[in-house]
1. What is the residue count in region A:59-91 for residues that are part of a helix (DSSP H, G or I), among the aliphatic types (A, V, I, L, M) and either within 14 Å of chain B (Cβ to nearest Cβ) or touching a Leu at 6+ places or on another chain (Cβ under 7 Å) (or both)?
2. Count, please, the residues in region A:249-266 that happen to be at the interface with chain B (Cβ under 7 Å from one of its Cβ atoms) and touching a helix residue (DSSP H, G or I) at 6+ places or on another chain (Cβ under 6 Å).
3. Scan region A:42-90 residue by residue and report those that are of a type in the set (Val, Ile, Thr) and under 12 Å from the mean Cα position of the chain (by Cα).
4. Hey, any hits in region B:369-382 for a residue that's modelled with pLDDT under 95, within 13 Å of chain A (Cβ to nearest Cβ) and within 23 Å of B:Ala116 (Cβ to Cβ)?
5. Scan region B:104-134 residue by residue and report those that are of a type in the set (A, V, I, L, M) and under 13 Å from B:Val77 (Cβ atoms).
6. Can you name every residue in region B:350-369 that is in a loop (DSSP other than H, G, I, E, B), surrounded by 24 or more Cβ atoms within 10 Å (Cβ to Cβ) and within 16 Å of the chain's Cα centre (by Cα)?
7. Can you tell me how many residues in region A:235-246 are under 25 Å from A:Ser121 (Cα atoms) and at the interface with chain B (Cβ under 8 Å from one of its Cβ atoms)?
8. Looking at region B:327-349 only, could you name the residues that are small (Gly, Ala, Ser), crowded, with 18+ Cβ neighbours inside 10 Å and either more than 14 Å from every other protein chain (Cβ to nearest Cβ) or not in a loop (DSSP other than H, G, I, E, B) (or both)?
2 protein chains.
Amino acid sequence: MGFRDLWDEIAPIGRDPDSLGYLRYAFTQPEAHLRAWFREQAAQRHLILEEDGNGNLFAWWGAGDDAVLTGSHFDSVPHGGAYDGPLGVVSALLAVDELRARGVTPVKPIAIGVFAEEEGSRFGLACLGSRLLTGAVDAEAAAALRDRDGVTLAEAMGATPKGHRPDLLARFGCFVELHVEQGRSLVESERAVGVASAIWPHGRWRLDFTGEANHAGTTLMADRHDPMLTFAYTVLAANKEARLRGCHATIGRVAVEPNATNAIPARVSAWLDARAATTSAVDELVAAVSARASERAARDGTRVSLTAESVSGETQFDVALRDRIAALLQGAPVLPTGAGHDAGVLSAYLPTAMLFVRNPTGVSHSPAEFAADADCAAGVRALADVLEELSCR
Amino acid sequence: MGFRDLWDEIAPIGRDPDSLGYLRYAFTQPEAHLRAWFREQAAQRHLILEEDGNGNLFAWWGAGDDAVLTGSHFDSVPHGGAYDGPLGVVSALLAVDELRARGVTPVKPIAIGVFAEEEGSRFGLACLGSRLLTGAVDAEAAAALRDRDGVTLAEAMGATPKGHRPDLLARFGCFVELHVEQGRSLVESERAVGVASAIWPHGRWRLDFTGEANHAGTTLMADRHDPMLTFAYTVLAANKEARLRGCHATIGRVAVEPNATNAIPARVSAWLDARAATTSAVDELVAAVSARASERAARDGTRVSLTAESVSGETQFDVALRDRIAALLQGAPVLPTGAGHDAGVLSAYLPTAMLFVRNPTGVSHSPAEFAADADCAAGVRALADVLEELSCR
């Protein structure tokens, strides 16, 4: 079965007919549909399915320790693209097919992982499944996380997550995650597949701007304490500070109370996504944005508070593994990324690497995210090469 | 029955226990509860209830033409105050009690109106009930208006609104709406009750900012087309233009797509509420905001479009009626307001006046909205005086 045949099976699942983007939130119907499809695919390949009690699935080819783990996630950001996550899962299934077609008999087991809530789009904490598995997040705390409708993770899962699974982790020797590139480095280097060097330090901070709700028509401009103004100033300040410092800052999520046309808001909450090449650069960026927000709040007669929701330091992938893979793939380009991944979480526990597949638009987290079928097929062959190398020697 | 006794009966209905604000949207359960309460109050007073097929209720004391109409609305803005609307309905019921206690026998009928969706918080069009009754909005067009969940007005009402009711309108000789003041003029003049002179011209415009959704982590700042920046600039520009011109501009409602922490938005929609002393000042303000938004969009590589959702010209209340009432109330202060009201809509069809009751905070559309019981009782007496004057002569 070729890439397109398998890909077409999941293409309609969770797709919004208007935006053509995907609404594949963790533990919702579309994601459950994808998981059921994965179980069926695993069964067809006689892979043994294992659940870890944290929402993560593993399909095993062979048993035992020192396994080579691959895979990625199904969940999407709101109206996200088709490739971010699912490409790594589908490519892993096809790489198993490829190894069998080659007549390869691995010495070590191979496992395909499907991680839960990688995007954090539902419960606000990115890489939730891998963080639970590795104990990087406390299971009780995670169980109480709520989505925008007030549903807890435990309710969505139907059980409290098991949390740290050192027994399961101990069976993995290494992890290789294949992912669509979220930039245009591979376009520039004219290669279909690359290897990750590092993940930029990054984090999410919530900014709560509070003022005084009042009538939009009757309240004198001079009498207002309008948090929308402080918020708007902070959006522009974050953009300016990031540009000046060569960092990335984004405010893409906002919640307004009461959010009525004829009411000055009581509160505006906004989430700052900040990333940079070093942890200190991220910290300095966030401090600068916070300082400028506070200055403006003093002028507007409002208040602002900053809360760190998730912060990740720099992830330097295993250098030996990276070099071994790059050499195997005929000197594939080695590139950093500004995006977080389950590979970033797992790299703290076992040797981890990432493969990137060329994305001609460079766009991701959007329906414009794309990879050509020929490049996806090249990705499958590259992943098969890597799995063969790592499982047979 | 005193003001506080009757007031306490409705105080808990639709109140949010966290914000202490009210969620009394048109045709939802809390508002239906209030309407049922009103029917019961009308029945206790032997008032005859009439529905107009547009969601408006009228409780009649006496029958015939040249009726004196009073009343207001029950619906609230999200997390609004207790007084905006309900004070006018409760005061009307108590004014009837007061007239009966005085032994007054009106020559003309008195009707207490409860108007639907005055705030426009659910279907986006303020004074929807009075606009339907007067034919100021087309019934078919209104029936298709949708709330944020996609429910149409016709679905919420359970029927297509009847629209223009010239037969019913013809039975009213004048309208007097009592309302909490949404400012501090009466505090300054040390009076409990005032009379309205005019409503400022005002309107709502939707601004749609569109850009390109992309990954917050991986997209270079220089490659972005981020509509949040254009929106933020426009918020600050609207504030600045309004201050410079002595007008009111507010952006209190925002919708972001996809509204994810790690995605540059594809679209930000924002609603501009603009008000000024003259129609030309409103027009010039909106044009200036639109021009500055467009300039910024060109810099951000985004697009912006402006759509008028509802626009009202200046309302000058009936001068003879106003002066008669002010004289009756021992020279009550005469003041303009920046807020729209059903009285503004009806004033185009029959002589209309408004009474304002002192609000020590000056705040409205917020839980901080307030009127002292003694001032509310003074409002009831003033309304009874006005109803007696208008219905007996």
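1. The total comes to 2.
2. 2
3. A:Val77
4. yes
5. B:Ala126
6. Correct list: B:Ser364, B:His365, B:Ser366, B:Glu369.
7. The total comes to 4.
8. Selection gives B:Ala332, B:Ala343, B:Gly344, B:Ser347.
The values are calculated or read from the model by the stated rules, or taken from the named source; none is laboratory data. Computed from a predicted structure; not experimentally measured. Virtual Cβ from ideal backbone geometry, glycine too; neighbours counted across all protein chains shown.
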